[in-house]
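Q: Take this structure first; my questions come after.
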Amino acid sequence: MVEKLTSIEGPMFSGKTLEMIRFADAFTVGGHQVQIFKPAMDDRGEGSNQIKSRLFGRWDATPIDQPEELLNKLRKGVDVVMIDEIQFLNQTNPDGVYKIVEVVDKLLDTDIKVVISGLPRDFRRQPFGPMAELLARAQDKVVLKAVCDEIIEDGTKCQQLATETQRYVDGEPADWNDPVVLVGDKMEGYAARCIKHHVVRNKPIK
């Protein structure tokens, strides 16, 4: 039997990692052997070997730089694999296929349950790395939203449901031409925004 793929998607601050931790706890109580993986570049938690929710809760996690490492680091007996912040595992093979999609397919074909979490769209509201293809393949989907805290005209917060991730660079909304994954000395910040208050500077006009 081929197992199902479950996806957890939402903007930053929507509780994706907390939801993943809840899944992991439930699977463990149910007698499953769970192993969580995360991109090595995600340094939240105590060092690189944990995932940690901004709200509460943490779980041990195996960091990987390349998708293929997951298969090499998979512990014997594991029947549930969970991958946090999967959008950052965006390496492709020479044919342009995302390697993490191939890895997920291999896991499913060996009767391993797979749960993934990630940002569906980047700061430009474009599909983020392998997420579009993975979300299309998922049989079970958890869609989370945050709350927009943009200050509006009367001085209060918007408080509409937020589906997008706003990036700030040096205090200003990010430019369309900025790299999707920013590396360098610039001060970078993020906020959850509704569509109305999500801003991308110099976005091309179609």
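Q: Under 6 Å between Cβ atoms, which residue pairs at least 6 apart in sequence (or on different chains) link something in the stretch 16-43 that is buried (at least 17 other Cβ atoms within 10 Å of the Cβ) with a partner that is β-branched (Val, Ile, Thr) and in a loop (DSSP other than H, G, I, E, B)?
A: Sorted first by the residue in the stretch 16-43, then by its partner, the pairs are GLN35/VAL78.
Q: Among (1) at pLDDT 95 or above; (2) polar (S, T, N, Q); (3) touching a Lys or Arg at 6+ places or on another chain (Cβ under 6 Å), there is one condition GLN50 misses while meeting the rest; what is its number?
A: The single condition GLN50 does not satisfy is (1).
Q: Return the pairs, sorted by first residue and then second, in which the second residue is hydroxyl-bearing (Ser, Thr, Tyr) and part of a loop (DSSP other than H, G, I, E, B), the first residue lies in the stretch 190-206 and is under 18 Å from GLY171 (Cα atoms), the beta carbons are less than 8 Å apart, and the residues are 6+ apart or on different chains.
A: As it stands, the answer is ALA192/SER14, since those pairs meet every condition given.
Q: Scan the stretch 1-15 for residues that are surrounded by fewer than 21 Cβ atoms within 10 Å (Cβ to Cβ) and assigned to a loop (DSSP other than H, G, I, E, B) and report the count.
A: 7
Q: Contact list please: Cβ distance under 9 Å, first residue in the stretch 96-108 and among the basic types (Lys, Arg), second residue part of a helix (DSSP H, G or I), pairs at least six apart or on different chains.
A: LYS99/GLU68; LYS106/LEU71
Q: In the stretch 59-102, which residues are hydrophobic (A, V, I, L, M, F, W, C), assigned to a helix (DSSP H, G or I) and touching a strand residue (DSSP E or B) at 6+ places or on another chain (Cβ under 6 Å)?
A: Those that are hydrophobic (A, V, I, L, M, F, W, C), assigned to a helix (DSSP H, G or I) and touching a strand residue (DSSP E or B) at 6+ places or on another chain (Cβ under 6 Å): LEU70, ILE86, PHE88.
The values are calculated or read from the model by the stated rules, or taken from the named source; none is laboratory data. None of these values were measured; they are calculated from a predicted model. No Cβ is skipped: glycine too gets one built from the backbone with ideal geometry, and neighbour counts run over all protein chains shown.
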